[in-house]
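A.B. asks: Have a look at this one before I ask anything.
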Amino acid sequence: MTKTSLSLRIRAAFLLLVLACGVLFGLLMLVFVYTTEDALFYQRLDQEIARQQGLPAPTRPLDSHLNLYHSAAEFPADLAAAYQAEPKASELAGSEGRHYHLRRWVHPATPQQLFLVTEVSQQLVVRPVLRPMLAVYGGLLALFLLLALALGWYLARRAVAPLQQLALLVSQEPVAAGFASQFRDKEISVLAQKLESSLLRLQQFAERERLFSRDASHELRTPLAVIQSSCELLLLQPPIDAAAQRRLLQIASACGQMQQLIDSLLLLAREGEGQQLSAVTLAPLLQQLWLQQQQWQPRPDLQLDVQLPADLQWQAPAPVLRLLFANLLQNIWRHSAAGIVCIQPLPQGLSLKNPMQTAADQGANGFGQSIAARLAKACALHFDSKADAQGWCTRLQTFQRDPL
């Protein structure tokens, strides 16, 4: 969507306001002068009618510009034609520029309707000066439009300049401390102070998060790597009893799951990383992650049935998509009953179905699913997980991609 400059909108508002006022008052002026002129003509007709009412019979008017007619048939030809077209009108236009005003009235001595008519084409005041008047008015309106444009440009510059300066300052990385002190206008100063306070706090939060992610990445991964390598070394040593071997395998599995959880959280915490899109073939990826789960914690009672086309690909950040499927399969691995995990294609995505352990698992939406939902959003996928009669059903469907 194209954005319009605030300065341009202020100038346009000034121009439109002056233009609207000029046109409105111009129309009011024309209505006033024409109404005043017509009122003078009708006043002469009314005065003559009042004089005729005091006479024994209708007589010829004293004013040579007035004519008395006993019926419309006596009208001049152009007036008769105009009257026939508009029999109720009191102002009629004739031919060759003639203009008529008439009054209908009844004299006490005659029962029929009489007409008192005046032809005023030679007495019009507005018509001869209409064009010069409009020219003068148009020139004045153009002058005031130029003045409004100059005033709008001046006020827009004064109003927008501090906003432009503020926008330039807040767009810098990092935001300079104390930039709000250079603004003198009360409104802009209050806005700048609030922005400065908020942006500096955000910078501090971002720095603390960066340091926490760095420290957590090092401090958590290092002991996990030590524990995992120690487990692997112990498993490679001469045979040990089955109980100890089972515990070592559990520790190694927990280390792998913990490593995956740390990778997921750190990836979600790093803004802008993992955004490079690439074509990821789904079926081999799912098979590889399933084998990894089998190595961490063998479950021969749980089988995988991938019904996806062998060449099905998604455009997504490969590391994020890998962590998403790893989290989903890990959740299935930990909370699924014995049976078959079925992965099927959908028109705009895929579904993962697995049997539930107990009825109490219905409605479970724990920390693992929350992470999976955030990873799905980072991959431009809609995440939906719910229970039905066959077990858990998780759907991943595409939508417009948001930034991580």
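Only the coordinates and a few stated rules stand behind these numbers; no lab work does. Because the structure is a prediction, the values reported are computed rather than measured. As a convention, Cβ positions derive from the backbone with ideal geometry for all residues, glycine included, and neighbour counts pool all protein chains shown.
A.B. asks: Among Ala142, Ala82, Val23, whose Cα lies farthest out toward the positive end of the dipole of the chain, if unit charges sit on the beta carbon of Lys, Arg (+1) and Asp, Glu (-1)?
C.D. replies: Projecting each Cα onto the dipole axis, the largest value belongs to Ala142.
A.B. asks: Can I ask one more? Put +1 on the Cβ of each Lys and Arg and -1 on the Cβ of each Asp and Glu in the chain; which of Cys255, Pro309, Cys342 then has its Cα farthest toward the positive end of the dipole?
C.D. replies: Ranked along the dipole, the leading option is Cys255.
A.B. asks: Let me ask another. Could you tell me the number of lysine pairs in the chain with C-alpha atoms less than 24 Å from each other, where the two lysines are 8 or more residues apart or belong to different chains?
C.D. replies: Lysine pairs meeting the criterion: 4.
A.B. asks: Kindly rank 8-16, 130-138 from highest to lowest mean number of other beta carbons found within 10 Å of each residue. Provide the component values of the computation, followed by the final result.
C.D. replies: On the way: 8-16: 15.7, 130-138: 12.1.
The packing order, highest mean first, is 8-16, 130-138.
A.B. asks: Given the chain, what percent of its DSSP beta bridges are antiparallel, to the nearest 5? Before the final figure, lay out the partial values.
C.D. replies: On the way: 38 of 43 bridges.
Taking every DSSP beta bridge with both residues in the chain, the antiparallel ones total about 90 percent.
A.B. asks: Same structure, new question: What order do you get for 322-335, 112-125 when each peptide is scored by the mean count of other beta carbon atoms within 10 Å, highest first?
C.D. replies: Working: 322-335: 21.7, 112-125: 15.7.
The most tightly packed comes first, giving 322-335, 112-125.
A.B. asks: For helix 242-269, what angle does its Cα long axis make with the longest principal axis of the chain, in degrees from 0 to 90 and rounded to 10?
C.D. replies: 20
A.B. asks: What is the Cα convex hull volume of segment 276-398 when expressed per residue in Å³?
C.D. replies: 98
A.B. asks: Please state, rounded to one decimal and in Å, the Kirkwood hydrodynamic radius that the chain gives when every pair of distinct Cα atoms enters the mean of 1/r.
C.D. replies: This gives a value of 31.5 Å.
A.B. asks: Can you give the log10 of the normalised intensity I(q)/I(0) at q = 0.12 Å⁻¹, computed with Debye over equal Cα scatterers of segment 6-134?
C.D. replies: Listed by q, the Debye log ratios stand at -0.59.
A.B. asks: Determine ³J(HN,Hα), in whole Hz, for all residues of segment 149-160 in sequence, where each value follows from phi through the Karplus function 6.51 cos²θ - 1.76 cosθ + 1.60 and θ = phi - 60°; x replaces Gly and Pro.
C.D. replies: So the J values, rounded to whole Hz, are 5, 5, 5, x, 5, 5, 5, 5, 5, 5, 7, 8.
A.B. asks: Ok, one more. Any idea which of Gln203, Asn331, Ala378 is furthest toward the positive side of the dipole for the chain, if Lys and Arg beta-carbons carry +1 and Asp and Glu beta-carbons -1?
C.D. replies: Among Gln203, Asn331, Ala378, the one farthest towards the positive end of the dipole of the chain is Gln203.
A.B. asks: Using the crude model of +1 on Lys and Arg Cβ and -1 on Asp and Glu Cβ, and no other charge, please compute the dipole size for the chain relative to its Cα centre, in debye to 20.
C.D. replies: 620
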